[in-house]
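Participant: This is the structure I want to talk about, given as structure tokens.
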Amino acid sequence: MRGGADEGRGEAMSVVSAAKAPRAAVGVMRWSRAAQLGLIPVASVAALVLVWQLVAAAFFPPVLFPTPTMVAKAFVGEIGSGRLLTDSLVSLRRILAGFVLGCTIGAALGLLMGALALARRILDPFIQFGRFVPSISLLSPALIWFGIGEGSKLFLITYTTTFIVLLNTLAAVATVPRNKLRAAQSLGATRWQLFRLVVLPASLHGIFTGMRVGMGLSFTTVVAAEMIAADTGLGYLIINSRLWFQTDVVFVGIIALGTLGYLADRTFQGAIRRLAWRYAPTN
């Protein structure tokens, strides 16, 4: 009797172990996939830095193309002096102010033009004209109108962001499935309810996409403006370091811009995944 019970327990443990084995294998495969996804970008960056080090050390003088080690030393020096942090915060403050204002104007106008055909016909000529005028071409008028202070930077960043967010919002509103609109109307939705409960949620994906693109253009605009009319900011850091042939500091400013832009983009990607995907229009 006891031997039979022991055999039954052994068989039960074998069944449990067999059931756990596929789960363990799946867990290992998932961990391996996650590790590969994380290691591949790191390995690619490390390879680029290695090639940079070899090419810069072998073929270029430091004043023309500094090595990564020189840039790293300059980075530590700029961090220690506090200049890099100060200039980064100044640029981010300018970008954030113009970006928020431009997104607000662009999204509001895009929703208005998408919801009202009359508004679209009235504003369309101005939008089609203005979106082909680069913000940098307005730098001289901006300096005349607002001076070399914060107003000119705010104007240029707002101008840049507004058009890209507006166009993406307008496109998102135009692609809202008609079946959704008809279904809401058949349930007795008013015009305001139709806009608030159907059009706006279905347009969030396009609005967030425009905001992501607008953020990148905001970085471009603020750097160009700071290079010409500023005494602080990452753009000023880059152009001022060039005048003194501090090429390593120039690269520090470039890397800081790229890192801040990457972090901003990742933030917006997270916002889109959390807020906008469930509202994305489906046909």
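The values are calculated or read from the model by the stated rules, or taken from the named source; none is laboratory data. Not measured: the values here are computed from a predicted model. Note that we place each Cβ from the backbone using ideal geometry, even for glycine, and neighbour counts take in every protein chain shown. Accessible surface areas use protein heavy atoms only, side chains included; no ligands, DNA or RNA. Shrake-Rupley method; radii C 1.70, N 1.55, O 1.52, S 1.80 Å.
Participant: Report, by residue number, each residue of the stretch 87-141 that is buried (at least 22 other Cβ atoms within 10 Å of the Cβ), farther than 19 Å from residue 204 by Cβ and not polar (S, T, N, Q).
Facilitator: If the condition is that a residue be buried (at least 22 other Cβ atoms within 10 Å of the Cβ), farther than 19 Å from residue 204 by Cβ and not polar (S, T, N, Q), then 87, 90, 94, 95, 98 are the ones that fit.
Participant: I'd like the full set of residues that are part of a helix (DSSP H, G or I) and open to solvent by 50 Å² or more (accessible area, probe 1.4 Å), limited to the stretch 144-166. Spell out how you get there, then give the answer.
Facilitator: Start the filter on the stretch 144-166 by keeping residues that are part of a helix (DSSP H, G or I), which leaves 144-146, 150-166.
Residues satisfying the conditions are 144, 145, 146, 150, 154, 155.
Participant: Take residue 262 and decide whether it is outside any loop (DSSP other than H, G, I, E, B), within 22 Å of residue 78 (Cα to Cα), of a type in the set (Phe, Trp, Tyr) and touching a residue at least 40 places away in the same chain (Cβ under 8 Å).
Facilitator: Taking the combined requirement at face value, the residue does not satisfy it.
Participant: Can you work out which of the residues in the stretch 39-74 that are in contact (Cβ under 8 Å) with a residue 12 or more places away in the chain and in contact with a Ser or Thr (Cβ under 8 Å, 6 or more places away or on another chain) is surrounded by the most Cβ atoms within 10 Å (Cβ to Cβ)? So that I can check it myself, show each step before the final result.
Facilitator: Taking the stretch 39-74 and keeping what is in contact (Cβ under 8 Å) with a residue 12 or more places away in the chain, we get 49, 52-53, 56, 62-71, 73-74.
Checking the rest, the ones that are also in contact with a Ser or Thr (Cβ under 8 Å, 6 or more places away or on another chain) come to 52-53, 56, 62-66.
Values: 52: 16, 53: 14, 56: 19, 62: 13, 63: 10, 64: 10, 65: 16, 66: 24.
The qualifying residue surrounded by the most Cβ atoms within 10 Å (Cβ to Cβ) is 66.
Participant: Among (1) assigned to a loop (DSSP other than H, G, I, E, B); (2) without any contact (Cβ under 8 Å) to a residue 60 or more places away in the chain; (3) among the β-branched types (Val, Ile, Thr), where does residue 176 come up short?
Facilitator: (2)
Participant: Separate question: Just the residues that are surrounded by 22 or more Cβ atoms within 10 Å (Cβ to Cβ), among the polar types (S, T, N, Q) and within 14 Å of the chain's Cα centre (by Cα), please, taken from the stretch 190-235.
Facilitator: Result: 218, single match.
Participant: Something else now. Does the stretch 208-250 hold any residues that are without any contact (Cβ under 8 Å) to a residue 12 or more places away in the chain and outside any loop (DSSP other than H, G, I, E, B), and which are they?
Facilitator: Start the filter on the stretch 208-250 by keeping residues that are without any contact (Cβ under 8 Å) to a residue 12 or more places away in the chain, which leaves 231, 240, 242-244.
Passing the criteria: 240, 242, 243.
Participant: Still on this structure: Exactly one of (1) of a type in the set (Val, Ile, Thr); (2) at pLDDT 85 or above; (3) open to solvent by 40 Å² or more (accessible area, probe 1.4 Å); (4) more than 15 Å from the chain's Cα centre (by Cα) is unmet by residue 259. Its number?
Facilitator: Failed condition: (4).
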